[in-house]
1. Do the alpha carbons of any pairs in LYS218/LYS307; LYS32/LYS117; LYS212/LYS307 sit beyond 21 Å of each other, and which pairs?
2. If I ignore ligands, DNA and RNA and count only protein heavy atoms, how much of GLU101 is accessible to a 1.4 Å probe, in Å² to the nearest 10?
3. At 0.36 nm per residue, minus the direct Cα-Cα distance, what do LEU297 and SER72 gain on full extension? Give it in nm, one decimal, please.
4. Kindly sort SER298, SER72 by accessible area of their heavy atoms, largest first, with the probe set to 1.4 Å.
5. Determine how large the accessible area of ASP285 is when every protein chain is in place; take a 1.4 Å probe and give Å² rounded to the nearest 10.
6. Using θ = phi - 60° and the Karplus relation 6.51 cos²θ - 1.76 cosθ + 1.60, list the HN-Hα couplings for segment 175-189 in order, rounded to whole Hz, with x at every Gly or Pro.
7. CYS74's amide H: which non-local residues (gap 5+, or another chain) put their own amide H closer than 5 Å, with H modeled 1.01 Å from N in plane and none for Pro or chain starts?
8. Using only protein heavy atoms and a 1.4 Å probe, report how much of LEU29 is accessible, in Å² to the nearest 10.
Amino acid sequence: MKLKLFFSSIFFIFLSSLVFAQSVTQIVLPNKVYIGDRAEVRLIFRSDMVMTPFDDSSSVSLDAEFFSFFASECAVENVVLEHTGVEYSLVISFVPWKTGEIDFPSFDLGSLISFSKKNDSAPVYYIDVQPIPVLSLAEKIGASSFCPPQPPLLMPGTIWFIAGIAVILLFLLSLAVYTFIRLPLAIQLFRAFTNHYSMSRNSKCALKYLRKLAKNSKKISDDANFCEQIQKILRNFMEKRFAFTMTVLSTSELEQAFSELYSLVDDETIKQLFDDFVGLFSRIDYIRFSCHENTVLSEEERENLIKTATTLVSGFDTAVIQ
């Protein structure tokens, strides 16, 4: 009697498990799941038990955090329980992280509902999810080997930018070589420019002082003082013009110094200017150091002295520049 009861129990359990296994329909979308793809598994079953209040709607969202323990295999993004009468559908949306098979452990749907809705009145109903195969991307694209390494991507216009930089560098290099080759000529031109500027500035200063002296001529009553200022202006001008000391030389010494310059100058105009310069200084020395009454200068004579000095300065400036 006991033996019959034992075999009857085993048969009942086997029949119950068979009925339970056949009462759940599993659908996986898409049919082939690849790693990193978003997929869903839909579990359809029938039950007379009321799983959870649906609030006049045919579906209810459940908390996906219930499957957080399974995060190493996949990420469960969304869980929805739908029903139509006594037919229920549990939809689990997930993203697989690894290839192989994803095997959700058997879980109690009532625990999932209680976890999501904070309701302990949900009935116990175990769900067993069949293993879901996850394929690799290599199978998806049909690759049988690793792709060869690709060169780094270039931004649009990079080649033109590099070419432009190369052209600029080549131009600068050519300019540097040309400058190095022509450097002596460049130095010579620079020295000529600075010398011309210095002489021009010297002439302008001398002419400026002579005009100022002519303007203040009536304020200077002493003829010797007037002539001394003319000599001072001309000595400073000639000293800077020919780069030799003239401020301490007498008129006779100036004549000797100019005679030494004659051998270095071929321009007859400059030689004549030297002679006129010595003649003007001789006339001025006579006025400065003479005590006769006839040495008193009229206003016209003063103007003639200023005009002669101005002509000498302009003459030396023009002759040297040419």
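The values are calculated or read from the model by the stated rules, or taken from the named source; none is laboratory data. Note that the coordinates shown come from a computational prediction; the quantities given were computed from them, not determined experimentally. Side chains included, ligands, DNA and RNA excluded: accessible areas come from the protein's heavy atoms. Shrake-Rupley method; radii C 1.70, N 1.55, O 1.52, S 1.80 Å.
1. LYS32/LYS117
2. Per-residue accessible area (GLU101): approximately 130 Å².
3. The LEU297-SER72 span can extend by a further 69.1 nm.
4. Ranking SER298, SER72 by accessible area, largest first, yields SER72, SER298.
5. Roughly 30 Å² of ASP285 is accessible to a 1.4 Å probe.
6. Once rounded to whole Hz, the list reads 5, 5, 5, 4, 5, 5, 5, 8, 4, x, 5, 5, 5, 5, 5.
7. Residues meeting the amide H criterion: TRP97.
8. About 90 Å², rounded to the nearest 10.
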